[in-house]
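Presented below is the structure to which this report refers.
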Amino acid sequence: MRRSAAASVPVVLPVRDGGEWLAPAIESIRGQSFTEWELLAIDDGSRDGSRQVLEGFAARDGRIVVSSRPNRGL
């Protein structure tokens, strides 16, 4: 798990089969005027490609960290 050094506001995004809403949600976070944040996206065993969407964003923005695990719920 990689972490950005300057992050001062952690944002936690639990995800379970939320692929349809992920891009708008992440773009909303990325679009904030305050830029010192880190997004920890926790994929809870999604089966709809959510993890791949998250990993795509993480590859383009070092403030996004993805953790993936089998489905266990919150």
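The values are calculated or read from the model by the stated rules, or taken from the named source; none is laboratory data. For clarity, every value in this text was computed on a predicted model and none was experimentally measured. Here the Cβ positions follow ideal geometry from the backbone for every residue, glycine too, while neighbour counts run over all protein chains shown. In case anyone asks, the SASA skips ligands and DNA or RNA and just uses the protein heavy atoms, side chains included. Shrake-Rupley method; radii C 1.70, N 1.55, O 1.52, S 1.80 Å.
Leu22 meets the conditions (1) out of contact with any Asp or Glu (no Cβ under 9 Å at 6 or more places or on another chain); (2) modelled with pLDDT under 95 in every case but one. The failed one is (2). Contact map, the stretch 14-26: residues that are in a loop (DSSP other than H, G, I, E, B) paired with residues that are open to solvent by 10 Å² or more (accessible area, probe 1.4 Å) and among the polar types (S, T, N, Q), Cβ distance under 9 Å, separation 6+ or inter-chain. Pairs shown: Arg16/Ser46; Arg16/Asn71; Asp17/Ser46; Gly18/Ser46.
Of all the numbered requirements in (1) at pLDDT below 95; (2) open to solvent by less than 80 Å² (accessible area, probe 1.4 Å), Asp43 misses one, and that requirement is (1).
In the set (1) in contact with a Lys or Arg (Cβ under 7 Å, 6 or more places away or on another chain); (2) part of a helix (DSSP H, G or I), the condition left unmet by Phe57 is number (1).
Filtering the stretch 32-55 to residues that are more than 18 Å from Arg16 (Cβ to Cβ) and among the small types (Gly, Ala, Ser) leaves only Ser33. Taking the criterion of being open to solvent by 80 Å² or more (accessible area, probe 1.4 Å) and without any contact (Cβ under 8 Å) to a residue 24 or more places away in the chain, the residues of the stretch 27-40 that qualify are Glu27, Gln32, Ser33. In summary, Asp43 fulfils each of the numbered conditions (1) part of a strand (DSSP E or B); (2) of a type in the set (D, E, K, R); (3) more than 10 Å from the chain's Cα centre (by Cα) with the single exception of condition (3).
Pairs are defined by a Cβ separation below 6 Å, a sequence spacing of at least 6 or placement on different chains, a first member in the stretch 48-74 that is in contact (Cβ under 8 Å) with a residue 24 or more places away in the chain, and a second member that is part of a loop (DSSP other than H, G, I, E, B) and among the aliphatic types (A, V, I, L, M); the pairs so defined are Val65/Met1.
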